[in-house]
Amino acid sequence: MAAFLYRIGRWAFRRRRLVIGLWLGVLVLAGVAAATAPAGQDEDLSMPGTESQKAFDLLDERFPQTNAQGAEARLVFQAPDGQRVTAAASKAAVEAALGSLDGGDQVASVTDPYKTGAVGGDGTIAYSTITYTVDAVDLKEPAKTALQDAAGKARDAGLTVEIGGSALDAEEAPGGTTEIIGVVVAAVVLILALGSLVAAGLSLLTAFWGVAIAFGAVTALAVPLGLTSTVAILALMLGLAVGIDYALFITSRFRDERTRGGAPEEAAGRAVGTAGSAVVFAGATVFIALVGLGVVGIPELTKMGMAGAGAVALAVLVALTLVPALFGAFGRRVLPRAVRKAGGPSGGRPAAGRPGLATRWARFVLHRPVAVLLVAVLGLGAVALPALSLELGLPGDESKSVETTQRRAYDLLSEGFGPGFNGPLTVVVDLSKSADPAAATDRVVRTVRGLDGVASVDEPVLNRAKDTAVLTAVPRTAPASGKTKDLVHEIRDAASGVETETGADISVTGTTALNIDISEAMADALLPYLSVVIGLAVILLAVVFRSVLVPVKAALGFLLSVGAAFGVLVAVFQWGWAADLIGIEQTGPVMSLMPILIIGIVFGLAMDYEVFLLSRMREAYVHGASPGEAIVGGFRHSGRVVAAAAIIMISVFTGFVGMSNPTIQTMGLGLASAVAFDAFVVRMAIAPAVLALLGHRAWWLPRSLRRVLPNVDIEGEALTRRVPPSPTVPAANMPAANMPAATVPDAGVPPLPVDGR
């Protein structure tokens, strides 16, 4: 693969105008497709196979005149201080507002609070439920405008009016102050790491180029594929982070080859052949982990994984082709200013000075491996402790900002009708196999009303065929409460006995029940998915590094970093620690999709840092360096670049914490924390400490596995054998990768000490 990528790098460098022109054409096509595509909207989560989803499907079948998961709005009215909504003036204002909606476009029904008893106990709060014939994604703008106008009429009459429900749910567009700050920080880090405005700009330019194409594709496919704003933001987040990193790694290697005396085209080829090999492997691991999210069975999670995987694949292609093409376009300006001033055909190699911070840190770890290992492991373990209290759920209106009308409507309904009113449970009774449908329905109503956690149960509603009954049960506790979750299971347990006696089929559904089912499915899938990811990590790293202990060390370190990230999420979003700093106004369960999503993404990113850092160590080791020298060499060549890449990732992910969408906030904080722990604690502290303690044994591989595992040339060893070094490279400046093939030990059989360890 290294030789193939070497040829791609040289070809892209030579044909830079063609390559840049092709990528520019793709960018224009993506932009035009996005601009002309209809706007997509968020969809409700679904979980095929769960009891709640089956009940929704049954309702759609038995009540064809309604849409079980259609858009719904609640107009919540509150009388002025000292007055009641039942007063003549207030009642007239409410009825006038509702009258303007009745019979409107896409409106299925409008309830009258004075006829349905939807007036709070003290008479100050009332609500009306407006149902629509279509899902929220298909609700037209005139219908939303009519809803807002109706609320405005009642406000003009002196009432406080808020709008809840899904009808006004809006997508949050990417872009904002915190995201811009994150990109600015990334730019500063690039300039400091590369010492060149042009080189830093090149990495940012190619990353934005790839992200623009990916975002355009997601926008264009939003309606036909049902892609939501969260899907688009995830693609933007991942594409920007890995795009900058992959360009940074290849640019750093190109500059290294140039300062060693390599000709520009040769340096571009070798950069893509060596660092590009690591980029392909790293991108492939992220791609596989994200595509693997589809096995969980949640359509929204599958879409997020596929969009993120597409953005990562695009970032890899851009790094392998557009980046070397821009090397040719920018010429010597990619090199650091100090190197350019040194003169010579390639700028020459700057004189060696004081060892860098990365080298000094590596030597520090080599001298104190046990102390570093204990501090790092115990520190991550302490941060991970809150993860033992992890609770999963799905955010509703209660998690939104108090500045939104949905949150204010939620609070008013809780005040007037109790905390459980915002999360009613729908009990669906299939009477098609019951001998006495009326008696069966009555038995179900009495059973549900007799449960302690139920505040009220509405009278059952039958369909036209009289073979299905629907009743609404209001819990005493809030939708996100653990007691509400227990109540759902209590109703289902009680229903099993009623089913046996009556022959009816009973199921519990509704938004609250569906959220509970999805959260439980996520919790059940967490350990199996984590096991698959860990197993995949061990296999991939065993193939790459031809070692047994290095992959095991990497997998255990990955577990520590993910556990610590979960600990941060629990501390902030469940316990409320520092929640005010990032605008979290309501604590509660962690978004149920986040743990698996974070595991999938961080797995790929952790493998990025492992490969980029350890590939240089292995390259030095197979060329005869001692284990300690190999560790120092790996940090000398890659430590600074890996640190810069991690800071860039953290900056980009942290930039999304400032958005008001709780899903994006959770994702941004979780990914930023996981990258910080994995890059700076696991890969730069635990990894070298473990390698120092293992010595030669770190690179040991049994003979049986040597014959089975393929030999992946991640260090670009094939370039030494197939591609002769540039004649312009002075012997004194020749890097280890350019040593004659005869001096290179077999990569599969690393040198061992005399005692055979």
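One table, with the values for the structure above:
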{"item": "Reachable aspartates and glutamates, given that their alpha-carbon falls under 17 Å from the alpha-carbon of Lys553 and they are not under 8 places away in the same chain", "result": "Asp608, Glu610, Asp678"}
{"item": "All Cα pairs of the range 363-438, percent lying beyond 19 Å", "result": "69"}
{"item": "The range 556-702 pair-distance distribution - Cα-Cα, 10 Å bins, rounded %", "result": "11, 37, 27, 15, 8, 1"}
{"item": "Angle between the chain longest axis and helix 437-449 axis [Cα atoms, degrees, rounded to 10]", "result": "70"}
{"item": "Base-10 log of normalised Debye intensity for the range 71-165 (one unit scatterer per alpha-carbon) at q = 0.11, 0.14, 0.16, 0.21 Å⁻¹", "result": "-0.28, -0.45, -0.58, -0.96"}
{"item": "Degrees between helix 594-622 axis and first principal axis of the chain (Cα, 0 to 90, nearest 10)", "result": "0"}
{"item": "Cβ-based exposure ranking for Arg84, Arg449, in which fewest neighbours within 10 Å come first", "result": "Arg449, Arg84"}
{"item": "Residue order, fewest to most surrounding Cβ atoms within 10 angstrom, among Ser100, Ser615, Ser561", "result": "Ser100, Ser615, Ser561"}
{"item": "Average Cα contact separation per residue, the range 611-721, under 8 Å, 6 or more apart, as relative contact order %", "result": "26"}
{"item": "Sites Leu378 and Leu357, calculated FRET efficiency, Cβ-Cβ separation with R0 30 Å, nearest 0.05", "result": "0.80"}
{"item": "Fewest-first ranking of Ser252, Ser434, using other Cβ atoms within 10 Å as the exposure measure", "result": "Ser434, Ser252"}
{"item": "The chain: calculated mean residue ellipticity at 222 nm from DSSP helix runs of at least 4, using -39500 (n - 2.57)", "result": "-19000 deg cm²/dmol"}
{"item": "Alpha-carbon centroid distance for the pair the range 1-40 / the range 603-665, whole angstrom", "result": "27"}
{"item": "Crossing angle, helix 51-62 versus the chain [Cα axis fit, 0-90 degrees, rounded to tens]", "result": "50"}
{"item": "Filter on Lys303/Lys485; Lys115/Lys466; Lys54/Lys485 - keep pairs with C-alpha separation over 20 Å", "result": "Lys303/Lys485; Lys115/Lys466"}
{"item": "Nearby lysines by direct alpha-carbon distance to Lys153 (threshold 19 angstrom, same-chain neighbours under 8 apart not counted)", "result": "Lys91, Lys144"}
{"item": "Stokes-Einstein D for the range 414-515, Kirkwood Rh over Cα pairs, 20 °C, 1.002 mPa s (µm²/s)", "result": "158"}
{"item": "Area projected by the alpha carbon convex hull of the chain, averaged over all directions, nm²", "result": "36.8"}
{"item": "Relative contact order computed over the chain (Cα-Cα under 8 Å; 6+ residues apart), in percent", "result": "18"}
{"item": "Whole-angstrom gap from the range 56-115 to the range 420-454, using each part's C-alpha centre", "result": "24"}
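Only the coordinates and a few stated rules stand behind these numbers; no lab work does. Note that this is a predicted model, so its numbers are computed, not measured. Positions of Cβ are backbone-derived with ideal geometry, glycine not excepted, and every protein chain shown enters the neighbour counts.
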